[in-house]
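Colleague: I'd like to ask you about the structure that follows.
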Amino acid sequence: MRRLLIALLATASLSAAAADNWKPFPLDQSAYDYSGDKLRQAWPQLTRGFGDYPFPDADWVVTMATSYPQALEKTVAAGTGFTGKPEEAERYAQQLQDVWRLMFRGDFAQAKEQGLALGVGGQIPAMFAQVIYAMFLVPDQAEKHRLLEEVIAYTDEAGDLVQADTVAQFGRVYAKARLGEELSVPVVLKRGYTSQIPEELKALLAKQPQQPFALALYGGYEAGVIRKVGKLVGRMTYGVSADNMEKYFRRSFQARDDLPIGHYEYANALTYVYGDDEEQKVIEHLRLAAAIKPINAMEALEVAHAQKLLAQHQHKLAKN
């Protein structure tokens with residue numbers, strides 16, 4: 001009964017999204033129209049940071065419903081109209097694709113609302129939208145933390161489909177890593193993030209050894225630990241090192257070097273680990289990130305963030 005209640009609450013659509021009262025996307029969205037067949041055509045590029053991520057068409061819906069009966073039960077219980085029958089899969093797939101369109105376009109509140117209304121399958125792009133919104137558009141740190149913690153809770157409660165989905169897995173560990181950077185060391189230790197983050201990243205990389213996002217996040221995690229506790233304690237207590245940081249980012253860039261987040265995360269990592277000693281390299285990677293032409297709303301926010309960081313570092317360099 002408790003799990004059914006959680007599933008019903010987690011998929012409530014209008015009340016949950018309306019209560020969030022999220023701000024609209026602040027940049028031009030005209031280039032991020034993936035209506036109709038445009039979404040399928042652009043899908044490999046849109047999801048390139050996740051490696052080989054399947055397009056959510058009717059065949060995918062049927063496969064997931066068959067492979068993950070617990071997720072199907074929750075989807076049915078949430079009143080989505082999908083009961084697992086193949087003849088219902090096309091309609092559900094179209095609705096799910098619309099959620100992804102909203103997310104890529106930057107309509108984050110709508111993506112969350114409509115995604116949660118589709119049950120755990122729609123939760124994946126819904127929580128993706130929430131992570132992006134929390135990281136780039138929420139000025140209040142406490143609210144950002146609440147939204148990231150909610151992503152973790154949704155993913156943990158959703159069951160086998162979301163647990164097995166690489167985007168959902170990445171979103172959960174990404175939320176933990178971002179929280180781990182900003183929370184105090186005692187809180188991070190109490191929550192178990194210092195063991196959970198590397199364990200979850202290793203599990204994800206065991207499935208997709210060349211996933212660019214996961215590799216960059218692992219490098220950023222190593223740098224973040226060094227920033228908080230220093231190189232010696234980091235190596236002795238947590239097994240992190242500058243060499244490992246460099247290795248993960250190198251692998252990430254070998255997989256894809258056209259992801260803005262990879263370059264500015266590396267720039268941040270260089271600063272965390274080396275201070276001002278690698279300032280020229282920091283600026284080089286921020287320039288690379290800032291020069292990338294975004295193909296969706298997330299990348300537009302990432303490029304804008306990289307441009308802001310670049311201006312700050314260039315100003316600092318000019319003063320020295």
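Colleague: Right, Thr75: assigned to a helix (DSSP H, G or I), surrounded by 12 or more Cβ atoms within 10 Å (Cβ to Cβ) and among the hydroxyl-bearing types (Ser, Thr, Tyr) or not? Let's see the steps before the verdict.
Modeller: Working: assigned to a helix (DSSP H, G or I): yes; surrounded by 12 or more Cβ atoms within 10 Å (Cβ to Cβ): yes; among the hydroxyl-bearing types (Ser, Thr, Tyr): yes.
Judged against the criteria, Thr75 is a match.
Colleague: Starting from residues that are closer than 26 Å to Ser184 by Cα and basic (Lys, Arg), keep the ones in the range 102-154 and report whichever is surrounded by the most Cβ atoms within 10 Å (Cβ to Cβ).
Modeller: Residue satisfying both the conditions and the ranking: Lys144.
Colleague: Same structure again: Among the residues of the range 155-197 satisfying the criterion of being open to solvent by 20 Å² or more (accessible area, probe 1.4 Å), more than 17 Å from the chain's Cα centre (by Cα) and within 30 Å of Val76 (Cβ to Cβ), which is modelled with the lowest pLDDT?
Modeller: Ranking the candidates gives Asp160 first.
Colleague: I'd like to know if the range 165-184 contains one or more residues that are charged (D, E, K, R) and not in a helix (DSSP H, G or I). Before you say what the answer is, go through the steps one by one.
Modeller: Keep residues of the range 165-184 that are charged (D, E, K, R), which gives 165, 172, 176, 178, 181-182.
Still in the list and also not in a helix (DSSP H, G or I): 165.
Yes; the residues of the range 165-184 include at least one that is charged (D, E, K, R) and not in a helix (DSSP H, G or I).
Colleague: Would you kindly identify the helices (runs of 4 or more DSSP H) lying entirely within the range 214-312 that contain at least 1 residues that are closer than 24 Å to Thr194 by Cβ, touching a residue at least 40 places away in the same chain (Cβ under 8 Å) and open to solvent by less than 60 Å² (accessible area, probe 1.4 Å)?
Modeller: Working: elements: 242-255, 260-274, 279-291.
Of the helices (runs of 4 or more DSSP H) lying wholly inside the range 214-312, those with at least 1 residues that are closer than 24 Å to Thr194 by Cβ, touching a residue at least 40 places away in the same chain (Cβ under 8 Å) and open to solvent by less than 60 Å² (accessible area, probe 1.4 Å) span 242-255, 260-274.
Colleague: Determine whether Gln210 is of a type outside the set (D, E, K, R), open to solvent by 20 Å² or more (accessible area, probe 1.4 Å) and in contact (Cβ under 8 Å) with a residue 60 or more places away in the chain.
Modeller: When the stated conditions are applied, Gln210 passes them.
Colleague: Is it true that Glu149 is modelled with pLDDT of 95 or more and under 24 Å from Ala255 (Cβ atoms)?
Modeller: On the way: modelled with pLDDT of 95 or more: yes; under 24 Å from Ala255 (Cβ atoms): no.
So Glu149 does not fit the description; no.
Colleague: Another question, then. Would you call Gln210 more than 17 Å from Arg178 (Cα to Cα) and in a loop (DSSP other than H, G, I, E, B)? Step through it out loud before you land on a result.
Modeller: Values: more than 17 Å from Arg178 (Cα to Cα): yes; in a loop (DSSP other than H, G, I, E, B): yes.
Yes.
The values are calculated or read from the model by the stated rules, or taken from the named source; none is laboratory data. Model, not experiment: these values are computed from the prediction. Here the Cβ is made from the backbone with ideal geometry for all residues, glycine too, and neighbour counts use every protein chain on show. Heavy atoms of the whole protein, side chains included, go into the accessibility calculation; ligands, DNA and RNA do not. Shrake-Rupley method; radii C 1.70, N 1.55, O 1.52, S 1.80 Å.
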